[in-house]
1. Counting residues in region 77-162 as N, plug N into 2.2 N^0.38 Å and put the Cα Rg over that result.
2. Among 305, 320, 335, whose Cα projects farthest towards the positive end of the dipole of region 274-348, with charges put on the beta-carbon of Lys, Arg (+1) and Asp, Glu (-1)?
3. Just to confirm a number: summing +1 for Lys and Arg and -1 for Asp and Glu over residues other than residue 378 whose beta-carbon lies under 14 angstrom from that of residue 378, what do you get?
4. Around residue 297, under 12 Å between beta carbons, what's the net of Lys plus Arg minus Asp minus Glu among the other residues?
5. Which far-off residues, 5 or more places away or on another chain, put their amide H under 5 Å from the one on residue 57, with H placed in the peptide plane?
6. Leaving out same-chain residues fewer than 8 places away, which lysines sit with a Cα under 28 Å from that of residue 32?
7. Taking 8 Å as the Cα distance limit and 6 or more residues as the minimum spacing, I'd like the relative contact order of the chain as a percentage.
8. With a 10 Å Cβ neighbour count serving as the proxy for reagent exposure, in which order, fewest first, do 262, 249, 91 appear?
Amino acid sequence: MIAELRQLAPDRAITLIGDEPWLPYQRPPLSKAYLGGEWTVDRLALRPAEWFASEGIETRLGVRVDAIDRKPAKLHLSDGSTLGYDDLVLCTGARARPLPEALSQGLEGIYTLRGIADADALRSEMQAGRHVLIIGGGYIGLEFAAIAVKSGLKVTLVEAAERILGRVAAAETADYFRALHRAKGVDLREATHVAELSGNPHVKRAYLSDGDVLDVDFVVAGIGAVAADDLARDAGLTISNGIAVDDHCRTSDERILAAGDCTSFIRGETRLRLESVQNAIEQGEAAAATLSGSTAGRKFSPWFWSDQYDTKLQIAGVSQGYDRVVRRPAKREGAQSIWYLKAEKLIAVDAINDPTSYMTGRRLIDAGVTPAPEEIADPAFALVKLVGRSS
């Protein structure tokens, strides 16, 4: 967002405030390459420190904004200072949902994974032969399971719902990843929750709802995330599953914008909050354009990805509200795609080791074109030739 704004407004004064000691960095690799030891912390950085200096951008790191005083347009910072603003952009992201206190009981050795500090703390626990319990069968939990297996850990993953990926993917996609993880040695249990954790002071034992008792060395909670909207809420901005923004990333205060995982926005008749790199980039660009006087709204073409072992899942669109899925086999062994329809309209595609179907599906969704179910199911049918067809 800052890079885009600097291009659009070369002479504008820009100050970046962040409560972490690091400059803005990539977060998806934390549960993949960084945690696995393939990347260093320097490689995570989106821009080197020299770039911020050369572009005249003031950075105040390790400082938290404690409050927004909207009438005088002033920020109260954790170091006791204040800072005035002409325009303010909130990019506060999301924070991991913690385990209930009644379950965690203040025990050591229970982790979430959202930032560099979280990943660094986890690294100290990841020694071959140790037993990790992962709570939650969403993408974070599954990605961590893959890294843990590669690191030589014994892995048990429990999901309280009837199946993994229940909120974000069809049963067909879940079936693939369940089989993949079990083939890699993960003890994956669905419709199972943790009834109790014990230890003193470090977690040592987990009591499961299926009656099993596990000796564990540490626990990772991957039970979702919530918008970090407290600052906006306390300032009196409109909150609706995150900071409510329009297509221009404006909040209910015309001098305050917001972008990224902390926001929710209207798409069609639905208000969405997306935790997505691509969404954050698009909203950041839209916010920069708004600050520069543009009246053009943001584009919307969501995509996501997940890397687990040697499997890449690429997702185009948003599957929320789907009422039918069609599986499309692929020529490559172990590859397939799952196509989501809602009221006979294509809304999303899960492509597993199948980049061709991902790109084709994304183009079809952007064009508003829906293939017939029998065309999707036929791997010999060239879906790409439908891209230019009228919707």
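1. Normalised by 2.2 N^0.38 Å, the Cα Rg of region 77-162 equals 1.46.
2. Farthest towards the positive end: 335.
3. Summing Lys and Arg as +1 and Asp and Glu as -1 gives +2.
4. 0
5. Answer set, sorted by chain and number: none.
6. 150, 154, 184, 204, 312, 331
7. Dividing the mean separation by the residue count of the chain yields 13 percent.
8. The most exposed by this proxy come first: 91, 262, 249.
Read-outs: derived from the displayed coordinates by stated rules, not from any lab. Keep in mind the model is a prediction, meaning the values are calculated, not measured. Cβ sites come from the backbone with ideal geometry, for glycine too, and all protein chains shown count toward neighbours.
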